[in-house]
Every structure is written in C-alpha cells, then in structure tokens.
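Working notes, structure below.
The values are calculated or read from the model by the stated rules, or taken from the named source; none is laboratory data. Small disclaimer: the values here were computed from a predicted structure and weren't measured. Here the Cβ is made from the backbone with ideal geometry for all residues, glycine too, and neighbour counts use every protein chain on show. Surface accessibility is based on the protein's heavy atoms, side chains included, excluding ligands, DNA and RNA. Shrake-Rupley method; radii C 1.70, N 1.55, O 1.52, S 1.80 Å.
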Amino acid sequence: MKDAVKFDTTDDGIAIITIDRPETRNALSAEVRAGLFAAWERFENDDALRVAILTGAGEKAFCAGGDLKEMVDKGLKVPPRDMFPVPYDNIELSKPTIAAVNGVAFAGGWMIAQACDLCVASVEARFAVTEVKVGRSSPWASPLIHMIPQRIMMEILLTGKPISAQRAYEIGLVNRLTQPEELIDTALQLARDILDGAPLSVKAARETVMLSTEMGRSAALQAARHSSEHCYNSHDAQEGPRAFAEKRKPDWQSK
C-alpha cells in the first residue's frame, strides 16, 4: 500500500489518504486499487480516526479514472463489483469522508470523489464523466440525481465534457473552493469542524442524510428517529448541554 497509496494521520483523529501515482495521473491501476481498499479498511477499523480525507499527489490530477491500458489488455467488459474501491458502496464505512480534489477527477476519479460525503476542490480542478468518450458506461453515477439537477446530470453524462471547479461548486457538487496551495488545509479545517461535534451525533446526522436520500419523507422520518435513539440515550447527550451551561468545552466519550 505504501508504494501506491499513502496513509497519514493527525493527532486529532483525521486520516489523509493520498493516491501517489502522479506520473500516471493517479489512475486506478491494480496497485492503486489494492492500496485504496487497504487504506479504507485501516481507517474504518481504527477507533482513533473519525474523519478521512482522500486526495491525489501532484498538481495535475486527483485521479484520471480507470487504467484504460489495463482494460484493453484484459478485455474488460462489465467490471466486477469489487474491482474499484467505492466508499459506502463496496466499501463499508461508518465515518465521514472528504474528497480533496487537486486536479482532474475524470471517470473513476469523479466516481470516488462523488462517493465521499463532502468535497473540497482546488480552483484548478476539473470534473468529467468521460465514459461516453471511450465506449464505456457509468452506472455508478446514479446517485448524482440526489446531488445535482437532472438536466445538468444529463448533459454531463451525455457529452462527457469536463466542467470547471467553479461550475461544480455552483451546481452543488463541491462544498468548498480553494487556491491549490490551500486545498489540504481547507479540507483539514472542514474535517475539524466535524470533529467538534459529538461522535454519536455526527454518526446519527450522517445516517439521517443517507436515510433521507434513500427513502420518502414519512419513511425517512421514522427511520431517522429510530437511528437517533442511541445518540439521545448516550452519556454525550447529557454532557453537551451540561458543558454549554457550564461554559466549557464538552468532553465527548462516544458513549
């Protein structure tokens, strides 16, 4: 994993996962895929880590997508579901993730950026679902309908043409725009904004968003109430109001 994907941590519980193949525009080669699977597993299984940031090495590419040469050599048809590491799809994660997009995020690069909960992008970044340009398909883009308007999604998928980071921000695909040199610091600040919240409350909040995405209004309300009970009944649910009343920082126990 260390050769293709770097895994760094901060003292306050943030994992920084970096695709480190700038010479191939961080394409999703077999070694990169294996590194990402291992990195996500490490993040999920380490209780000290609460938020992950995914980024790419270099200034030109976050991830240029799948390795087209590999696809040709293998005669790849329908990709096996376990081929590409997609957070919250074929990778089970229970913690928040942030994509820090430093350059092009094309095809599979868009796919893994889209899969993260939040996205910070350099003003130099570009996004594209380029599958129509190479005779492939993009079923993984289906969740986009919950992120951006239908006609914008239609144009992006049908034309395969890139959009700028500014346009991605305007349509709601990107949460924060930054100068290139400020990208990781901005992603870290967003991660720390999440860390300020009670861990069980953050978990319940994320589940509420996902339930609301998957279900109709009434079903989502019922499911969200149920998923929030553990949070409401926790020690932290009493600690938060107590700390506020005592004008001090909460001591979250995650229980």
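Filter the range 19-35 down to the residues that are in contact with a helix residue (DSSP H, G or I) (Cβ under 8 Å, 6 or more places away or on another chain), open to solvent by less than 10 Å² (accessible area, probe 1.4 Å) and either among the aliphatic types (A, V, I, L, M) or without any contact (Cβ under 8 Å) to a residue 24 or more places away in the chain (or both) and list them by number.
ILE19, LEU28
Do the conditions hold for ALA125, that is, is it within 20 Å of ARG176 (Cβ to Cβ), surrounded by 15 or more Cβ atoms within 10 Å (Cβ to Cβ) and in contact (Cβ under 8 Å) with a residue 24 or more places away in the chain?
Judged against the criteria, ALA125 is a match.
Exactly one of (1) open to solvent by 30 Å² or more (accessible area, probe 1.4 Å); (2) modelled with pLDDT of 90 or more is unmet by GLY197. Its number?
Condition (1) is where GLY197 drops out.
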